[in-house]
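Before any comments, here is the structure.
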Amino acid sequence: MLWLTECLSCHNYLYHLGDGRLKCSKCNKKRSKERINKIITLIYAFINNESALQTSKRVHISYVSVHSYFNVFRLFCASIAEEEYELRRHNECEYEEYFYIQESKKHKKEAIFDAYNFLTFDYNTHIYTLLMPSLKQYKQQFLEDSVEGAYIEEFHRFKRQSYIIKVKKRYNNIVEFWDYFEKYIRIYKGVDDKSFIYFLKEFEFKYNHTKEEAVELLIKKYFKE
Ligand SMILES: [Zn+2]
């Protein structure tokens, strides 16, 4: 394993200390093998879409601990996604608008107000998402106005339109990302509003990279921070 011979921060040669730790010949950082092993195992589980609960049972680390590591990895995904966007933002791209409604809310008539609206940009097969402001603030007013008939009509029109967009663009990279996102967000049952952006970024990051790349990027990021 590379991490036994190479410093994860600066890639220089490592000494194996008598107490089982590794010491970098250049930056002098000391780390325990157990700790590195634990972090890398958790990064693999996260990238393989294993839930915090499953992981916690498999590797015998408390659920709370795995959960908080996964939150850190998710923040890293968001931060790497922004860095990668910075490199591409001046390039040409295509984009589409998307409304995501959680499975459990799809049948409610006021579901549109709980939808997450995000723009999806395709920079030559590299996806970037931008979350738009929520429509929630209009929900109460709408319910009070009780203009249900008009509302339902509008909602059907909206659903038809998003379907048309999907069909027209059937095989492009943006639609592929939406399908991917809809499929994997289900792992997390009920994401709260404040965290949604991080879950979106998690899957943007995973979609843009092979598993090997993703693991390597997170390892680099983790040991750099
Ligand atoms: Zn080093």
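Count charges around residue 13 for me, please; just the other residues with Cβ under 13 Å from its Cβ, Lys/Arg as +1, Asp/Glu as -1.
+2
Can you tell me the relative contact order of region 2-224? Whole percent, Cα pairs under 8 Å, sequence separation 6 or more.
21
Pick from 114, 193, 19: which residue has the top mean-square fluctuation in a GNM of the chain where Cα pairs under 10 Å get a spring?
Highest fluctuation of the listed residues: 19.
Calculate, in nm to one decimal, what residue 117 and residue 140 gain on full extension: separation in residues at 0.36 nm each, minus their alpha carbon distance.
Gain on extension, residue 117 to residue 140, equals 6.4 nm.
Based on a Kirkwood Rh over C-alpha pairs, give the Stokes-Einstein translational diffusion coefficient of region 1-52 at 10 °C and viscosity 1.306 mPa s in µm²/s.
Value of D from the Cα-based Kirkwood radius: 136 µm²/s.
Among residues other than residue 64 whose Cβ falls under 15 Å from its Cβ, what is the net charge (Lys/Arg +1, Asp/Glu -1)?
With Lys, Arg at +1 and Asp, Glu at -1, the neighbours total +2.
Averaging sequence separations of C-alpha pairs under 8 Å and six or more residues apart, then dividing by the length of region 14-55, give the relative contact order as a whole percent.
21
How many Lys pairs in region 1-68 lie less than 22 angstrom apart by Cα atoms, where the lysines are 8 or more positions apart or on different chains? Before the final figure, lay out each step's value.
On the way: 23/33; 23/38; 29/38; 30/38; 33/57; 38/57.
So the count of such lysine pairs works out to 6.
Find out how many positive minus negative residues lie around residue 23, taking Lys and Arg as positive, Asp and Glu as negative, among other residues whose Cβ is under 11 Å from that of residue 23.
Values: positive: 21, 26, 29, 30, 31; negative: 19.
Local net charge: +4.
Counting only complete DSSP H runs, which helices of the chain cover 24 Å or more along their long axis at the Cα atoms and score a mean Kyte-Doolittle of 0.0 or above?
Flagged H segments are 63-88.
R0 = 22 Å: FRET efficiency of residue 224 with residue 48, Cβ-based, nearest 0.05?
For R0 = 22 Å, the calculated efficiency reads 0.45.
Can you give the FRET efficiency for residue 38 and residue 125, using 1/(1 + (r/R0)^6), R0 = 41 Å, r = Cβ-Cβ distance, to the nearest 0.05?
Efficiency, from the Cβ-Cβ distance: 0.75.
Most exposed first by the Cβ proxy, i.e. fewest other Cβ within 10 Å, how do 68, 79 rank?
Working: 68 11, 79 14.
Ascending number of Cβ neighbours within 10 Å: 68, 79.
Output needed: percent of Cα pairs per 10 Å distance bin for the chain, bins running from 0 to the one holding the longest distance.
7, 27, 29, 20, 11, 5, 2, 0
For 213, 176, which order do you get if you count the other beta carbons within 10 Å of each Cβ and list the fewest first?
Least crowded to most crowded, the residues run 213, 176.
For 204, 92, which order do you get if you count the other beta carbons within 10 Å of each Cβ and list the fewest first? Before the final figure, lay out the partial values.
On the way: 204 25, 92 8.
Listing 204, 92 from fewest to most nearby Cβ atoms yields 92, 204.
Apply 1/(1 + (r/R0)^6) to the Cβ-Cβ distance of residue 16 and residue 65, taking R0 = 35 Å, and write down the FRET efficiency to the nearest 0.05.
With a Förster radius of 35 Å, E is 0.85.
How large is the helix-only mean residue ellipticity at 222 nm for the chain, computed as the sum of -39500 (n - 2.57) over DSSP H runs with n ≥ 4, divided by its residue count, in deg cm²/dmol to the nearest 500? Present the calculation step by step, with values, prior to reporting the outcome.
Numbers: 8 runs with 120 residues, N = 225.
Here the helix-only value at 222 nm equals -17500 deg cm²/dmol.
None of the figures in this text is laboratory data; all of them are computed from the coordinates on show. On a predicted model such as this, the values are computed, not experimentally measured, just so you know. Note that we place each Cβ from the backbone using ideal geometry, even for glycine, and neighbour counts take in every protein chain shown.
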